[in-house]
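Report on the following structure.
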Amino acid sequence: MSPSGTWTFKRPEHPWEFEALHRLNYSAFVEEIPQHPPNAERRLVDRFHDENEYVIGVDAARRELLGMAAIRTQRPFSLDQKLVDLDRHLDPARKSCEVRLWTIVPRLRRSTFVPRFLAALIARVRELGFDQALISGTTRQITFYERLGFRAFGPLVGKEGAWFQPMQLDVARFRAKLPRALGAALVGERGLNFLPGPVPLAAATRAAFAAEPVSHRDAEFVGEFARLRRDLARALGAPAVTALIGSGTLANDVVAAELAQRVRRVLIPVTGEFGGRLVDHARRAGLEVDELGLPWGSSIDFEELERRARDADALWSVHCETSTGVLHDLASLRRVAHAAGIPLVLDATSSVGVVPVDFGGVELATCTSAKGLAALAGLALVFHGSTLPPARRSLPRYLDLRVWSSEEGVPFTHSSNLVRALGAAWPGALEPASFARRVELARALHAELEALGLRALVGPERASPGVLTLPLGPRAAVVGTRLERARVRTSWRSRYLRERGWLQICLFGEHSAEEVALLGRALRRALGDPAPVRG
């Protein structure tokens, strides 16, 4: 059986998917259920193919179609031709669509693929504005359909060997009927992912990463890479961006080395772990540091920052302090730097793709391909001006921003898979609807926590919607371990989290309201027994 980590649910878009769809249609409704006569091509194109809206489940890595269904939204339905008095059986207050050609490859019919696929299918029915789905259920599976919440109506239709029962499903009833199955579907073998990284990936991102790799010297790749960098920089209000092979730590090391080329003394506010790491980056690069230290979980004291900025050559700050969840006010950081006449440098690793960000007025900024941009880790991004000032001293090649931005941005080996995954992910991550959805999910998560008697370290008025830090004290490791055993991954193993008894829930990448609700239930169970977890 294919691991659930390779399953994706989507609308077909590639030629191979449509061809596989016609062949699965033949296998199901010619060979398994003799509804249509056989043919030499062993493929069956549905008569309503051009009107169908398909939902499919695929193993993208193997280019294999695992399940399909077709949604028809316009009358007459195929059921109209089988049941002449169809309207007599329907509630006129409900908006109905028809689901046809629903089939799953035999080897997965008793797996978690089934409820996962059903969840995706019913979600699409809801998105299209329908509250009732009609099917012609094979009589071989009537009991199965009834367990899902379908209700039979009218007489059997079809012919000998291929009898079907007209059935209807109230979408709300389905959601109420299958919380356990849907929970298993959403959790699956991979589990629920609320880590700061790796993050849950969209189907298109997985498919882009799984594509055949190409040489970093390939002309098509170089052009594709240039367009990605240009478009991403424009989307974030920066003149240019350079993509390095590495993590956010590399991006900040490169920025520290670049700052050391330009200035002597840098002011860094520290309100958590990652502000402290900027201090370390700066000192290792030979910069003098004025560290404005504040209690972890605090917001920046901008009056004090403005006073100290008068004696600094640059202001370097994290935007979102990932360790606590605090989101610092970017407009105030700009104002302080502008008033002091010094450049503003920003670590936006946990804010780009999580909240709207504009790098206008920011001299240098960093983030990664993971976290909010919802791709895979491995690309370190440095945003900078369209031209870089002349170098004052030699740097190691891997730390020299000028080297990285030379040769069309490909001075060293690059990964086409990482680049294409980022190219597939970032436009959706920066959509206004994505930001709004995350705010709603964060609001629901805070409500779930309050219902459990828990409060985040930082309230939603000061926190990023992508990071919630829970001060659980000695219970943090116990709760985190129990969640892991329930296949729900949260962040608590980092040294700075363990030392403080903190557990983090992150909403980076692809998440849903159902997942947040499942997390709430899992937390309730994990908090229930005060006994320690061993092993």
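Where a number appears in this text, it was derived from the coordinates with a stated rule and is not lab data. Just so we're clear, the structure is a prediction, and the values are computed from it rather than from any experiment. Cβ placement follows ideal geometry from the backbone for every residue including glycine, while neighbour counts extend to all protein chains displayed.
Summary table
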item	result
Antiparallel DSSP beta bridges within the chain, percent to nearest 5	70 percent
Gap separating the Cα centres of the stretch 203-231 and the stretch 383-434, nearest whole Å	13 Å
Crossing angle, helix 475-485 versus the chain [Cα axis fit, 0-90 degrees, rounded to tens]	40 degrees
Share antiparallel - DSSP beta bridges, the stretch 204-427, percent rounded to 5	45 percent
Taking the chain and dividing mean pair separation by its residue count, relative contact order in percent (alpha carbons under 8 Å, at least six apart)	14 percent
Sum of -39500 (n - 2.57) over DSSP H runs of 4+, divided by residues of the chain (222 nm, nearest 500)	-11000 deg cm²/dmol
Answer label for Rg and Dmax of the Cα atoms in Å (calculated), chosen among (i) 27.1, 89; (ii) 26.3, 81; (iii) 35.5, 120	(i)
Restricting the stretch 20-127 to GluC sites (Glu not before Pro) in coil, as DSSP defines it, with at most 15 other Cβ within 10 Å	GLU41, GLU51
Separation of alpha-carbon centers, the stretch 439-498 and the stretch 94-142, rounded to whole Å	34 Å
Sequence ranges 371-383, 416-428, ranked by mean other-Cβ count within 10 angstrom, highest first	371-383, 416-428
Exposure proxy ranking, count of Cβ atoms within 10 Å, fewest first, for HIS446, HIS384, HIS338	HIS338, HIS446, HIS384
Interchain or long-range residues, amide H under 5 Å from ALA240's placed H	HIS384
Cα-based Kirkwood hydrodynamic radius, the stretch 432-528, one decimal, Å	13.5 Å
Cα centroid separation - the stretch 15-51 against the stretch 285-315, whole Å	67 Å
The stretch 211-322 shape via C-alpha gyration tensor axes, a/c threshold 1.5	prolate
